[in-house]
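Scroll down for the structure; my scribbles are underneath it.
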Amino acid sequence: MTINELLNKLHTGKDLAPVYLVLGQGDYLQRRLKRAFRAVVPVEEQTMNFASYDMDTVPLAVALDDAMAAPFFGERRVVCIDSPAFLTGETKKQKVEHDLDSLQTYLSSPMESTVLVFFAPYDKLDGRKKVSKLLKKVAVTADIGHFTERDVQKFVTDQMKQDGYTIEPQALQELIQRTDADLTLMMGELPKLELFTVPAKTITIDAVNGLVTQTLTQNVFDLVNKVLAKDTAGAVTLYRELILAKEEPLKINAILQGQFRLLIQSKVLAKQGYSQGKLASLLKVHPYRIKLALQSQRRFQLTDLNQAYLGLFRVEQQMKSTTEEPELLFSLFMTQFANQRPA
């Protein structure tokens, strides 16, 4: 079931399934869906007939006891289970013991008057576990982890339309770029963009440029382009701006290395015939980042990408083993890289 189909179903409140699984990472959609599930219960009944349990701190048995109880002076009870790591292959010791046998028993015959919702912020469940297999068989699943750039764009523009706003095509692309097509970040920017554009109610490129700050990842992406263009002055200036913005040098360097690693992987695998979708799935990276990587890697030689990656690895070692200023180490890296000849 798609997210919009589920939201529409919850809006009507009719013919709801007894068990739902919301799979995938995405804070905004997780919160929105939980609000929609809560709204299924009349406001005056929510105190007694709606509950949410975090499996990091609460035993599963407590949530199941609630799910098996009849609604209190109402027609329906909604019980949400957050962070059910016991459905994944996670091996770290959990703080709370969970009775998975009781969950399997419940899923075999769920309460008709209860809507039990699992909010699983994971890429996938462990298909080897009996309880995970049974849940996927019984539950209606909505996967929010497969939101493509097009899905995000449609979701945001639909929300704007619902609010009575429009956005210029160029402004929409800039908003997507500055937020890395992250739906949570984009929806967080909407209120101030809409407020700024009253009464015209058309969001412009100037509004986006003036109000939306680029993410660290996007700033580093710009830095990568300056590095590969061997624009030493531009790269050092942008690096200095990130330091002045209180970004940690090791974090900047780690993201830089990660971006070059992604460019190298994309270039090698694209030559082997991998599509954008397959690359995103294989590398477990947001499709929008894969799209940008594919656009960038075509302009550069693999030797340059490798040299930059290895140079940044050496910068990391120096940051951890010397007292030299990070900006100086980065400047030396840029000078050496800009003067290198392709192998």
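The values are calculated or read from the model by the stated rules, or taken from the named source; none is laboratory data. This is a predicted model, so every value here is computed, not measured. Positions of Cβ are backbone-derived with ideal geometry, glycine not excepted, and every protein chain shown enters the neighbour counts. Just the protein is used for accessible areas: all its heavy atoms, side chains included, with ligands, DNA and RNA removed. Shrake-Rupley method; radii C 1.70, N 1.55, O 1.52, S 1.80 Å.
At a glance:
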| item | result |
| --- | --- |
| Principal axis dimensions, region 261-309 - Cα atoms, whole angstrom, descending | 27, 19, 15 |
| Average silhouette area of region 103-169, convex hull of alpha-carbon atoms, in square nanometres | 6.8 nm² |
| Value of Rg/Rh across region 185-343 [Cα atoms, Kirkwood radius] | 1.03 |
| Positive-pole candidate from Leu256, Gln297, Ser275, dipole of region 220-343, charges at beta carbon | Ser275 |
| Cβ-based net charge around Glu168, under 10 Å, with every Lys or Arg adding one and every Asp or Glu removing one | -2 |
| Solvent exposure of the chain as accessible area per residue, Å², 1.4 Å probe | 53 Å² |
| Qualifying aspartates and glutamates (Cα of each under 17 Å from Cα of Lys14; at least 8 residues distant if same chain) | Glu5, Glu75, Glu112 |
| Simple Cβ-charge dipole of the chain, Lys/Arg +1 and Asp/Glu -1, about Cα centre, in debye nearest 20 | 1260 debye |
| Three principal axis lengths of region 200-279 [C-alpha, angstrom, descending] | 47, 35, 22 |
| Estimated Rh, region 1-118: Kirkwood, alpha-carbon pairs, angstrom | 14.9 Å |
| Lys/Arg +1, Asp/Glu -1 at C-beta; region 111-170 dipole; positive extreme among Thr157, Ile167, Phe147 | Phe147 |
| Candidate lysines for bridging to Lys93, where Cα separation is under 25 Å - those fewer than 8 sequence places away on the same chain excluded | Lys124, Lys129, Lys130, Lys133, Lys136, Lys284 |
| Rg/Rg_globular for region 1-47, with Rg_globular taken as 2.2 N^0.38 Å and Rg from C-alpha atoms | 1.15 |
| The chain, helix-only ellipticity at 222 nm - DSSP H runs n ≥ 4, -39,500 (n - 2.57), divided by all residues, nearest 500 | -18000 deg cm²/dmol |
| Å³ per residue enclosed by the Cα convex hull of region 75-191 | 163 Å³ |
| Accessible surface of the chain [probe 1.4 Å, protein heavy atoms]: carbon and sulfur percent | 52 percent |
| Euclidean distance between Cα centres, region 315-334 to region 1-71, Å | 50 Å |
| Long-range Cα-Cα pairs in region 117-242 (distance over 25 Å), rounded percent | 46 percent |
| Protection proxy ranking of 104-114, 221-231 - average other beta-carbon atoms within 10 Å, highest first | 221-231, 104-114 |
| Kirkwood-Stokes translational diffusion coefficient of region 149-217, alpha-carbon pairs, 4 °C, 1.567 mPa s, µm²/s | 111 µm²/s |
| Answer label for semi-axes √(5λ) of the Cα gyration tensor in Å (calculated), chosen among (i) 50, 21, 17; (ii) 44, 26, 18; (iii) 32, 24, 17 | (ii) |
| Lys/Arg +1, Asp/Glu -1 at C-beta; the chain dipole; positive extreme among Leu60, Leu16, Gln317 | Gln317 |
| Between region 240-313 and region 135-214, the Cα center-to-center distance that results, in Å | 25 Å |
| Under-5 Å amide H pairs with Tyr20, H placed in peptide plane, nonlocal only | Leu116, Val117, Phe118, Val140 |
